[in-house]
Amino acid sequence: MDFHDVEKKVSQSGSELVELHAAVRQLQARVDRHSLVIQVLKEMLLSQAGFSEDGFLERLERTVAQKADDKTCRKCGKAMSAKHNRCIYCAEQRPPELL
Ligand SMILES: [Zn+2]
């Protein structure tokens with residue numbers, strides 16, 4: 001690899017870095033917008049009769065726990081890959097709703 005090749009590689013990775021920065025900025029802006037939308041939806045929901053902050057948090061916790069459960073095998077408790085329909089440790093089949 002001569003000096004020209006090195007120079008070319010450095011300028012290529014520089015432009016890749018600029019692209020990555022732009023992509024991260026776009027994603028950050030999107031996340032900020034989504035947060036705002038979720039906040040407004042939550043406020044609208046909580047202003048309705050029958051909905052409470054506690055109920056919201058309880059449901060959120062349940063969903064987070066369910067998500068964590070989905071990533072572990074029901075039989076042996078080891079981590080399950082999203083790529084496989086069976087546990088690679090004990091061959092337990094993934095529940096059909098999670099396929
Ligand atoms: Zn298993």
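A short reminder: the numbers here are calculations on the coordinates, not readings from a lab. Remember, it's a predicted structure, so these values are computed and weren't measured experimentally. Positions of Cβ are backbone-derived with ideal geometry, glycine not excepted, and every protein chain shown enters the neighbour counts.
So the values come out like this:
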{"item": "Degrees between helix 53-70 axis and first principal axis of the chain (Cα, 0 to 90, nearest 10)", "result": "60"}
{"item": "Gaussian network model of the chain, Cα within-10 Å springs - most flexible of Lys75, Lys67, Lys83", "result": "Lys83"}
{"item": "Placed amide H near Thr72: partners under 5 Å, 5+ positions off or other chain", "result": "Met80"}
{"item": "Under 13 Å, Cβ to Cβ, from Lys8 - net charge with Lys/Arg +1 and Asp/Glu -1", "result": "-3"}
{"item": "Cα long-axis angle, helix 3-46 against the chain (0 to 90 degrees, to the nearest 10)", "result": "20"}
{"item": "Förster radius 41 Å - calculated FRET efficiency between Leu17 and Ala49 (Cβ-Cβ, nearest 0.05)", "result": "0.20"}
{"item": "Helix-only [θ]222 nm of the chain, DSSP H runs n ≥ 4, -39500 (n - 2.57) each, per residue, nearest 500", "result": "-22500 deg cm²/dmol"}
{"item": "Residues Thr72, Thr63, sorted so that the one with the fewest Cβ neighbours within 10 Å comes first", "result": "Thr63, Thr72"}
{"item": "Prolate/oblate/rounded label for the chain (Cα gyration tensor, a/c 1.5)", "result": "oblate"}
{"item": "Net +/- balance of residues flanking Val64 in space, Cβ distance below 14 Å, scoring K and R +1, D and E -1", "result": "0"}
{"item": "Reach of Lys67 by Cα under 25 Å, taken over lysines that are not fewer than 8 positions away in the same chain", "result": "Lys42, Lys75, Lys78, Lys83"}
{"item": "Förster radius 25 Å - calculated FRET efficiency between Thr63 and Gln93, Cβ distance, rounded to 0.05", "result": "0.60"}
